[in-house]
Amino acid sequence: MNEITRRGFIYSAAMLGGVGVLLGVERVCSSAFADGVEPHENSGPVRIVKFSADGVALEAATVPKVLKTAAEWKSQLTALQFDVTRRAATEFAFSGALHDEHRDGLYRCIDCDDALFDSKTKFDSGTGWPSFYEPIAKENVREKKDISFGVARTEIKCTLCDAHLGHVFTDGPRPTGLRYCMNSAALRFIPRQA
């Protein structure tokens, strides 16, 4: 029995290590081969809700979509922010600065500064990524079907600039039952002023 347990542990560790290597290779390959790709799914104007610095909804407005070249995004973002928001990469769990952020405030898009989430809807999902049970305004985020890695998921993107933010799952708390699992690299936290 001891030999089986030891063998199982070794095989499991090797398998987990292999998965980690494959994810790392995927991240490097997406960075290497996606430089010339600048897809714009919808370049027309979009409807969003604007928010003040303290999180008060100001107005719903139709505004031009934020469109930039890859070179322009790269000059504005860190390498990780670019990989996450423009190439739909995922930061490693528990590595982002915002998964353990507990102050009162707003979470805005790192690319275009649009308001996305309020700290009042943030909860600890135990996943290592900032998680929210609803966006600050449904107009400010949009959903897209994602079948990467052979798994059907729902990707969440910023409506204003098409930045990849993360994914939404149906295992969240009440009242929505949703878990918006976001990348810290895609968000900028603005503390609410007292």
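The values are calculated or read from the model by the stated rules, or taken from the named source; none is laboratory data. Worth saying up front: this structure is predicted, and the values here are computed from it rather than measured. Note that we place each Cβ from the backbone using ideal geometry, even for glycine, and neighbour counts take in every protein chain shown.
What strands (runs of 3 or more DSSP E) lie completely within segment 91-194 and have 3 or more residues being closer than 23 Å to G44 by Cβ and in contact with an Asp or Glu (Cβ under 9 Å, 6 or more places away or on another chain)?
Details: elements: 105-109, 115-118, 141-146, 153-158, 164-169, 179-182, 187-191.
Where strands (runs of 3 or more DSSP E) fall fully within segment 91-194 and carry at least 3 residues being closer than 23 Å to G44 by Cβ and in contact with an Asp or Glu (Cβ under 9 Å, 6 or more places away or on another chain), they are 141-146, 153-158.
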**OP:** Examine segment 62-81 for a residue that is modelled with pLDDT of 95 or more, over 14 Å from C181 (Cα atoms) and part of a strand (DSSP E or B), and state whether such a residue exists.
**Re:** yes
Original post:
Any idea how many residues of segment 49-70 are loosely packed, with under 12 Cβ neighbours inside 10 Å and either touching a Phe, Trp or Tyr at 6+ places or on another chain (Cβ under 7 Å) or outside the structural domain of D118 (by TED's automatic domain parsing) (or both)?
Top reply: 1
Original post:
Here are some conditions: (1) in contact with a Cys (Cβ under 8 Å, 6 or more places away or on another chain); (2) within 25 Å of T62 (Cβ to Cβ); (3) surrounded by fewer than 23 Cβ atoms within 10 Å (Cβ to Cβ). L116 meets all but one. Which one does it not meet?
Top reply: (3)
**OP:** Answer yes or no as to whether A137 is among the aliphatic types (A, V, I, L, M) and within 14 Å of the chain's Cα centre (by Cα).
**Re:** no
